Amino acid sequence: MDLRRNINLILLLVLLGHHVKGENVVFNVKHKFGGRGGVSLKELKAHDVHRHGRMLGAADFQLGGNGSPTSSVLYFTKLSIGTPSKDYHVQVDTGSDLLWLSCAGCDNCPKESTLGIDMAQYNLQASTSGKSITCDQDVCATMFEATSSDCKVAKPCEYMVTYGDGSTSGGHFVKDNINLDQVSAGDNKTSPLQGNVTFGCSSKQSGGLGTSTNAVDGIIGFGAAKTSVISQLAAAGTVKRVFSHCLNGNSGGGIFAIGQLVEPKVNTTPLLTNRQHYTVSLKNIEVDGEVLNIPTSIFESKYSEAAIIDSGTTLAYLPSNVYNAVMGKLMAKQPKLKTHHHEGNFECFSYSGNVDNDFPVVTFKFMGNLTLTVYPHDYLFKLHDGDWCIGWQEGIEGKDGDDLFLLGDLVLSNKLFVYDLEKKTLGWTQYDCEYSYSSSNIKVKDDSSENVYTVGAHNISSASTTTFTLFLTLISFLCYFFN
């Protein structure tokens, strides 16, 4: 596969489940964007605009996790599905739930991709382990959380996902094997393992999903709904509903994890209930150690208190009055700074000094006395010509017109985030996400033997590129390479 024009992201996963010995999962992930250097800010913003339109517009849609894929795929991986197994490239998305693939004979499904990958379509008849799901089966009611009123015997369990920008994916549900690599002794030795999941077989796509631009074969969602792969495997007692990520803001590398982490320890805050996305309660914001003078009502509305944490978004979006207050504090720190607009609405400036020494730290404070610190090198992007641009963006509205807090990779980088869907908490800690290939202090636990193992980034070099591997504990290492 030729990805010379794309940035490669290699993702090593190690999952920890309830009833399996300390297994690891391994699969390669390719990333559209790498580190900060050389990235088109206009392209980043366009990516987020597409994502926001779909994410917010899909808020009322109950199937597929009420999340959305992005038309500009942020990162994707290769899954091995069926018997005999076949490889598919799918987007990895924490903002949605459903796994779906383009199906054989699909109407308006892309057959080629600008990403340079070989496109594939799932063929139920070609897999001896694949089964069609009918509307009268319990699994269909589970996927929809309701029973169809017009269900007839042997009628397929159909679905249709419509996103805010008008793109659609429709088809029916099937069930088949995902081939896994199980680490048998916690020492990076693997043995075969199979999981069995229900997923969407897309027979028709429209809008951005039907074009060859950044096209992939489907999407795997890591949301909290019952439809997600992680939830299905957890229900079968294979894995725990816990995953983590740690992205390096400079090189684009980092850690992505699913399962129980022993070290490092993280403090947590409750995930807000009855929300369509991973959200937490934001209490106040400090800039350079001073609490922003913002009306308390901004933290009391049902939307504004809910800061959405979304690793699929590249930048960070603040309500207008919060954005203005943050920018005011930032500019007050450098009163002689002259800014200019770059690629649209980005505020940029020339600067030769040390940004971490000369610009303020921004701190978000959440319920449970948990803080999230964003350093200048996190929220400032350096361009090829030496100019710097500010990553804070203004204005994303909810359905009722209230401004939202949407915190993407700009805020999440250089921190280890842990999503514990069993305890309904989200936690994080400041962390060095850029590891050498010879060492790591990430430790995982085998619940069966109670052994604790250290997992290093060197696992990547020997990882299988053709299987999505599930482990008892999941640690993944992401590596980005420029062409």
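Rule-based calculations on the coordinates, nothing more; no lab input. In this text, all values refer to a predicted model and were calculated from it rather than measured experimentally. Positions of Cβ are backbone-derived with ideal geometry, glycine not excepted, and every protein chain shown enters the neighbour counts.
Each distinct pair of alpha carbons in region 301-373 adds a 1/r term; the inverse of their mean, the Kirkwood radius, is 14.7 Å. Hull volume per residue, based on the alpha-carbon atoms of region 265-420 and their convex hull, is 128 Å³. Taking other residues whose beta carbon is less than 14 angstrom from the beta carbon of G289, and scoring Lys, Arg as +1 and Asp, Glu as -1, yields 0. Among W392, W428, W100, the ranking by other beta carbons within 10 Å of each residue's beta carbon, starting with the fewest, stands as W392, W428, W100. As a proxy for reagent exposure, S212, S202 were ordered by neighbouring Cβ count within 10 angstrom, fewest first; the result is S212, S202.
When the listed pairs K204/K424; K78/K240; K329/K382 are checked against a 32 Å cut-off, the alpha-carbon distance exceeds it for K204/K424.
Taking other Cβ within 10 Å of each residue's Cβ, how do K226, K338 sort, fewest first? Mind dumping the intermediate values first?
Values: K226 15, K338 7.
Result, fewest neighbours first: K338, K226.
Backbone amide hydrogens, once placed in the peptide plane, bring C157 within less than 5 Å of I133, T134, C135, F173, excluding anything fewer than 5 places away on its chain.
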